[in-house]
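Have a look at the structure below before the remarks.
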Amino acid sequence: IWITDHKASGICYVYMRLKFAQDAFPSGVPTLSAKVKGAKVYDPRTGTTAWSANAALIARDYFAADYGLRADLDRIRESYYVDAANICDETVALLAGGTEARYTVNGSFTTSNSPREIVKSIHTAMAGYPAYGQGAFSSIAGAYNAPTKSLNEDDLRSNLKTLPRHQIASNFNSISGTFRGEESGWKDTDYPSIESATFLAEDGGKESRADFPLPFTSSSTAAQRIAKIALYRNRE
């Protein structure tokens, strides 16, 4: 029996007592789950630490956290996270009415998952990618950035090689997958697939579908936006 000495300080836990009833639990003890807010994360825009679903702030937290990559703060490019966090917080109008933040992370993982898998899933939720250069981590969110420099042949140090298209085995003209959120009862559910008649025609009418799961994306509308970006990124 737990008493006041059992505090589990620093540990997220749930204590539940169930009274057995054959009619209530015909299949035995049920699987218990809870909807919770995750770890508090640092926001370089405000200098505060608080809970947030902002995908960029969560990516930054994983790079720096003890349960993540434990990167020193001088190895975190804060200016990139300011830009990425602003993109993630942008308001998107929904066709059915209302709005939602552009990119959020809502989900969970355990430290038994590989860091590569966790980093990939977090950045997929913001249609972006992680970057590492000159000894520091940064994250790029999915958004258009205007070019800041023009390059020409005078800037080349060697011959230029281009690959204008993916190989057929790596190409696809439609994309589908699962998400998990409030509207699905927090269970893995298919979001509406994204298809392109133009890409299908380019491929001679042969459908090629890619599986694109989004375990940290909590709405079907956000999942569709991210999946469309992935489809066009693959083709272009």
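The values are calculated or read from the model by the stated rules, or taken from the named source; none is laboratory data. These numbers come from a predicted model, not from an experiment. Neighbour counts run over all protein chains shown; Cβ positions are idealised from the backbone, glycine included. Just the protein is used for accessible areas: all its heavy atoms, side chains included, with ligands, DNA and RNA removed. Shrake-Rupley method; radii C 1.70, N 1.55, O 1.52, S 1.80 Å.
Observations on the model:
- Residues satisfying the stated conditions in the range 110-138, i.e. surrounded by 15 or more Cβ atoms within 10 Å (Cβ to Cβ) and more than 17 Å from ILE229 (Cα to Cα): ILE118, VAL119, ALA136, PHE137, SER138
- Exactly one residue out of ALA93, ALA85, ALA53, ALA71 is surrounded by 15 or more Cβ atoms within 10 Å (Cβ to Cβ) and farther than 24 Å from GLY10 by Cβ: that is ALA85.
- Within the range 156-192, being open to solvent by less than 80 Å² (accessible area, probe 1.4 Å) and over 20 Å from THR104 (Cα atoms) holds for SER170, ASN171, PHE172, ASN173, SER174, ILE175.
- When the criteria are applied in full, THR99 fails the requirement of being out of contact with any Lys or Arg (no Cβ under 6 Å at 6 or more places or on another chain), among the β-branched types (Val, Ile, Thr), farther than 18 Å from ILE140 by Cα and at pLDDT below 95.
- In the range 208-221, the residues that are in contact with a Phe, Trp or Tyr (Cβ under 7 Å, 6 or more places away or on another chain) and not hydroxyl-bearing (Ser, Thr, Tyr): ARG209, ALA210, LEU214
- Filtering the range 193-234 to residues that are surrounded by 14 or more Cβ atoms within 10 Å (Cβ to Cβ) and assigned to a loop (DSSP other than H, G, I, E, B) leaves SER196, ASP203, SER208, PHE212, PRO213, LEU214, PRO215, PHE216, THR217, SER218, SER219.
- Any hit, the range 27-35, residues being within 19 Å of the chain's Cα centre (by Cα) and either of a type in the set (S, T, N, Q) or at negative phi (or both): yes
- Any chance ARG17 is on the phi > 0 side of the Ramachandran plot, open to solvent by 100 Å² or more (accessible area, probe 1.4 Å) and part of a loop (DSSP other than H, G, I, E, B): no
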